[in-house]
1. Applying 1/(1 + (r/R0)^6) with R0 = 25 Å to the Cβ-Cβ distance of residue 238 and residue 303, what FRET efficiency is obtained, to the nearest 0.05?
2. So what is log10(I(q)/I(0)) for the chain at q = 0.09, 0.13 1/Å, when the Debye sum runs over its Cα atoms only?
3. Rank-order 26-38, 262-274, 64-76 by packing density, defined as the average count of other C-beta atoms within 10 Å over each peptide's residues, highest first.
4. For region 171-190 and region 62-105, compute the distance between their C-alpha centroids and round to whole Å.
5. Would you mind pulling out the separation of the Cα centroids of region 268-282 and region 207-222, in Å?
6. Long-range amide H contacts for residue 30: which residues qualify at under 5 Å (H placed 1.01 Å from N, peptide plane, sequence gap of 5 or more or a different chain)?
7. Looking at the square roots a ≥ b ≥ c of the eigenvalues of the Cα gyration tensor of region 235-423, which shape do they give, rounded for a/c under 1.5, prolate if a/b is larger than b/c, or oblate?
8. Please report how many Lys pairs in the chain have alpha carbons closer than 17 angstrom, counting only residues at least 8 apart along the chain or sitting on separate chains.
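Readers should treat all values here as calculations from the given coordinates under stated rules, not as data from a laboratory. This structure is a prediction, so every number in the text was calculated from the model and none was measured. Cβ sites come from the backbone with ideal geometry, for glycine too, and all protein chains shown count toward neighbours.
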Amino acid sequence: MAPFLQYTFPFLFFLVISSSQAQNSFRPKALVIPVRKDANTLQYVTTITQRTPPVPVQLVVDLGGQFVWIDCESGYTSSTYRPAVCRSAQCSLANSLFCSDCNGTPGPLCNNNSCSLSPQNGVTEFITGGDVTMDVLTLKSTDGFNPGVTVNVPRFIFACTRSFLLEGLASGTTGIAGFGKTRIALPSQLAAAFSFDRKFAMCLSSETASPGVIFFGDGPYSFFQGGGDVSQTFRYTRMINNPVSTNGVALRNEPSFEYFMGVTAITISGKDLPINSSLLSIASNGVGGTKFSTVAPYGILESTIYKTFTETFISEAAAMNITRVASVAPFGACFSSNSIVSIRGRLQVPSVNLVLQNRSVVWPIYATNLLVQAAEGVSCLAFVDASSIEDVAINPLASIILGGYQLEDNFIMFDLATSRIGFTSMLYDYTTRCSSFRS
Ligand SMILES: *[C@@H]1O[C@H](CO)[C@@H](O)[C@H](O)[C@H]1NC(C)=O
Ligand SMILES: *[C@@H]1O[C@H](CO)[C@@H](O)[C@H](O)[C@H]1NC(C)=O
Ligand SMILES: *[C@@H]1O[C@H](CO)[C@@H](O)[C@H](O)[C@H]1NC(C)=O
Ligand SMILES: *[C@@H]1O[C@H](CO)[C@@H](O)[C@H](O)[C@H]1NC(C)=O
C-alpha cells in the first residue's frame, strides 16, 4: 500500500501541473496581487480576476485557509468553468475524500460524478460542502519592481460553494483565498502552474485607503520609489510544523496547514516574562506554539501569558510615566495617548520582543503593531485574552497568535520549499510602508 501511494502522488501531481500549466509564451518569475484592509471588518481583501468573460473577484485573505472557495450560488457565470471529475488528478491533489451526484438543475453547484471539499469560513468557522472546480484565473506578473503583463492559469482549482458561507466576511467579497500549506492553496498552485519557487511574501497595509501587496515566487521585492530589495534585509526563522490540525474540518490525522514559528521567550523592556515554557512549544495534541493569522484582527494570547504580558507592560509603562486609563473592550490594558511621548515620529513605549531560535534572532513588536487607538485619546495593547473569546472561531489553540494588526507594515516571506520565514519587522525602519509597493 505505502509504496504504491508514494509512487502515485508525484505522478498525479505531475499530471495536474502540466494540465494547469499556464498557456503563456511568457513565463513569469513572480506574480503580485493587491491586498486592502476592510475598515468595517478589519479583514484583508484581495482582488483577483477569474472566469470567461473575466470578472474581478474579491476574496478575504486567510493565511491558514486550505484552498480558495468562491460563492457560486449568486451569479457565477463562465464559459470556462469545469467541475473536477471524481477520482481525477485534481481531486487527489485537492485531497478530496468524497464523490457526489446531483439531481437538480446542472450548474456550478450541481454536478454528477464530481468530487467535493469542505470549505470553511475562517472568520465564523462555518463549514459546508463544495465541489472541486476549475476555471481560468488571471493575475499580474512582476519583475519585483513593477507590475508586468497579465498571465493566465487556465484550470485553477477552487471549491464552489453557497452564498450563506459568506456571512461575516467583508462586504463585496465572494469567498476566501486560502494561503495555507496545502497543494491547492493559492501559493502552491501558482508556483506549480508557473514552475517557480513555492514561496510568497506578504505586506499588509495598515491604511484602509491604500492597499498593500502579496508577491508569489522569488524576489527581488522592491519599492516603488528608488527603494532597495526588501529581501536583502530579511531575518529568518524556521517554519514550525504542527502535526495536528487545529482546523474544525480536520480529516483523518491531518497536520495543520497554518504557519507557525518558534518563539522561545518574550521580553518587555529587556526582561523575560515568566512564561510556562511548555506553552511555547506545540504539544502532541497540536495545542500551543505561535502562529500567524490574518483573520484574527488583533493578537490573541493564552490566558496566563496574557496576564503576565499585560501586567508587565502596564508596570513598565508606568515607569515611563505612561498613564493607564479605563479599558476599552476587547482590550485589557489601555493608556492615555497624550502621556505617550513621541520622538522623531516614534512612540516611546516599553520594548516588546519575541525571542526566536536564539537571543540574537528576535521579532520586535514596535509601537505601531503594539498599541491601537481604541477610542479618542486612548491607546490599548492590541492583544486579547484567549479565554475571553467565546466562539472558538479563531482557534485560540495556539498560545500566541499574531493577528493582522501585528503583521501590518511588516514584510513577511513564507518559504514553503525550505520551511523558513523571512521578516523585516517594521518597514518604518526602512522609511516606507506596505502601501508603497505598486500592484
Ligand atoms: C445526474 O445523473 C442523473 C441520472 O442519470 C440525472 O437524472 C441528473 O439529471 C444528472 N444531474 C446533472 C446535474 O447532470
Ligand atoms: C505548564 O503548562 C502545561 C501545559 O498547559 C501544563 O500541563 C503544566 O501543568 C504547566 N506547568 C506549570 C508549572 O504551571
Ligand atoms: C516621570 O515623572 C516624574 C515626576 O514628574 C519624573 O521625575 C521622572 O523623571 C519621569 N520619568 C520619566 C521616565 O520620564
Ligand atoms: C542564532 O541563529 C542564527 C540563525 O539560525 C544563527 O545564524 C546564529 O549563529 C545563532 N546565534 C547564536 C549566538 O547561536
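1. Rounded to the nearest 0.05, the efficiency is 0.40.
2. Debye intensities relative to I(0), on a log10 scale: -0.57, -1.17.
3. Values: 26-38: 20.8, 262-274: 16.7, 64-76: 22.8.
Result, highest mean first: 64-76, 26-38, 262-274.
4. Cα centroid to Cα centroid, the span is 13 Å.
5. One Cα centre to the other: 32 Å.
6. Residues meeting the criterion, in which the H sits 1.01 Å from N, are 142.
7. On the way: a/c = 1.91, a/b = 1.57, b/c = 1.22.
Note, shape of region 235-423 comes out prolate.
8. 6
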